[in-house]
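Okay, structure first, notes after.
The values are calculated or read from the model by the stated rules, or taken from the named source; none is laboratory data. These numbers come from a predicted model, not from an experiment. When we count neighbours, we look across all protein chains shown, and the Cβ atoms used for this are built from the backbone with ideal geometry, even at glycine.
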Amino acid sequence: MSSSAVLIVNPVSGSFSEKRLLLSIEVLKKGFSDVSIFYTGKRGDAEQIAVDAVRKSPEMILAIGGDGTFNEVVNGTAYTDVPVAFIPAGTTNVLARELDFPADIYQATLKALDGKTEYVHLGRINDKYFVLMAGIGFDGKAVYRVNQRLKHLSGKGAYLISGLKCFMRYRPELLRIVVDDKVYEGYGLIVCNAGYYAGSFRVCPDAGLGAPHLYVSIMHGAKRSDLLRYVFDVVCGGRMSSERTTCIKGKSIVVSGDAHIQIDGDYFGTTPAVITFHERALRLIV
């Protein structure tokens, strides 16, 4: 009986290794009679490859790259019956930490072939799904300012440099945030569909791919000292609520004002934004 798998590879992702990829391909060819391999060349390629692959109903789609590459694949496979696996090869690989997947391409491929399939929830902002989070405000602007060449050469350092520059020029706009018809105001927010953020940090400790809603963390202070305290809260494991932070559950979030947005670590655009919760939207190999 024939079986097929599709491998979508981002060869310029932060920790990509051609040698480990070849080992993964060997393993896949032992498990599937037909393995199709596609390489991305520009932003948007992974989503289109995934859309085309779904039409042929493979037994599995594997994405080798960073969180941004997997986000594209998710947008090409959401609400289909094709199982998707994330093989980490990016800069931060937050989803790998969420799923407890090995950081090594070959070892992660072995785990994917041995894994089980679960339906997980997704968030959606305007016209795009996200797996991990959407950040609006400071982190959105920091991602906006990351130069792609610097990101490739310096990895996490690129984000740190960009973040420091944005911190020194921090002049946030007040945002109007409506969560399930309740109105809030703040100078930035992070909407979490998963537990981890920017590596090993947790914005809202109870968030996770199996939670029946999104978690929204709103920052209320406009000063740089307020931003520092908010970052401190995140580094210390996240706090559900304080005088400078509100963390709430919701399924519908509407944001108006003027701010940059990042989703799953890649730049998305600017507000306004409508964010919604989508149950059992993705067949994920865990």
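Figures for the structure shown
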{"quantity": "Matching residues in the range 52-66 - criterion: being at pLDDT 95 or above and under 23 Å from GLN262 (Cβ atoms)", "calculated": "ALA63, ILE64, GLY65"}
{"quantity": "Residue in the range 71-84 that is more than 17 Å from ILE285 (Cβ to Cβ) and either free of Cβ contacts under 8 Å to residues at least 24 places away in the same chain or not acidic (Asp, Glu) (or both) present", "calculated": "yes"}
{"quantity": "Residues within the range 11-52 that are basic (Lys, Arg) and either more than 18 Å from ALA108 (Cα to Cα) or surrounded by 15 or more Cβ atoms within 10 Å (Cβ to Cβ) (or both), tallied", "calculated": "3"}
{"quantity": "Scope the range 253-285; condition in a loop (DSSP other than H, G, I, E, B), among the small types (Gly, Ala, Ser) and within 15 Å of LEU189 (Cβ to Cβ); matching residues", "calculated": "GLY257, ALA259"}
{"quantity": "The range 57-68, residues that are within 13 Å of LEU132 (Cβ to Cβ) and surrounded by 24 or more Cβ atoms within 10 Å (Cβ to Cβ)", "calculated": "GLY66, ASP67"}
{"quantity": "Number of positions in the range 166-195 that are part of a strand (DSSP E or B) and closer than 12 Å to SER217 by Cα", "calculated": "10"}
{"quantity": "Any strands (runs of 3 or more DSSP E) falling wholly within the range 43-155 and containing at least 3 residues that are over 30 Å from PRO172 (Cα atoms)", "calculated": "60-65, 84-88, 117-125"}
{"quantity": "Residue match in the range 196-205 (condition: under 29 Å from THR69 (Cβ atoms), in a strand (DSSP E or B), of a type in the set (A, V, I, L, M, F, W, C) and at pLDDT 90 or above)", "calculated": "no"}
{"quantity": "Enumeration of residues in the range 159-185 that are modelled with pLDDT of 90 or more and of a type in the set (Ser, Thr, Tyr)", "calculated": "TYR184"}
{"quantity": "Selected residue (criterion: farthest from ALA112 (Cα to Cα)) from residues of the range 22-42 that are part of a strand (DSSP E or B) and of a type in the set (A, V, I, L, M, F, W, C)", "calculated": "PHE38"}
{"quantity": "Single unsatisfied condition, GLU26 versus (1) farther than 29 Å from GLN262 by Cβ; (2) touching a Ser or Thr at 6+ places or on another chain (Cβ under 9 Å)", "calculated": "(2)"}
{"quantity": "Odd one out for GLU72 among (1) surrounded by 15 or more Cβ atoms within 10 Å (Cβ to Cβ); (2) over 14 Å from the mean Cα position of the chain (by Cα); (3) within 19 Å of GLY265 (Cβ to Cβ); (4) acidic (Asp, Glu)", "calculated": "(2)"}
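Residue-by-condition table, conditions (1) aliphatic (A, V, I, L, M); (2) modelled with pLDDT under 95; (3) buried (at least 21 other Cβ atoms within 10 Å of the Cβ):
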site	(1), (2), (3)
CYS192	no, no, yes
LYS223	no, yes, no
TYR230	no, yes, yes
VAL255	yes, no, yes
TYR267	no, yes, no
VAL286	yes, no, no
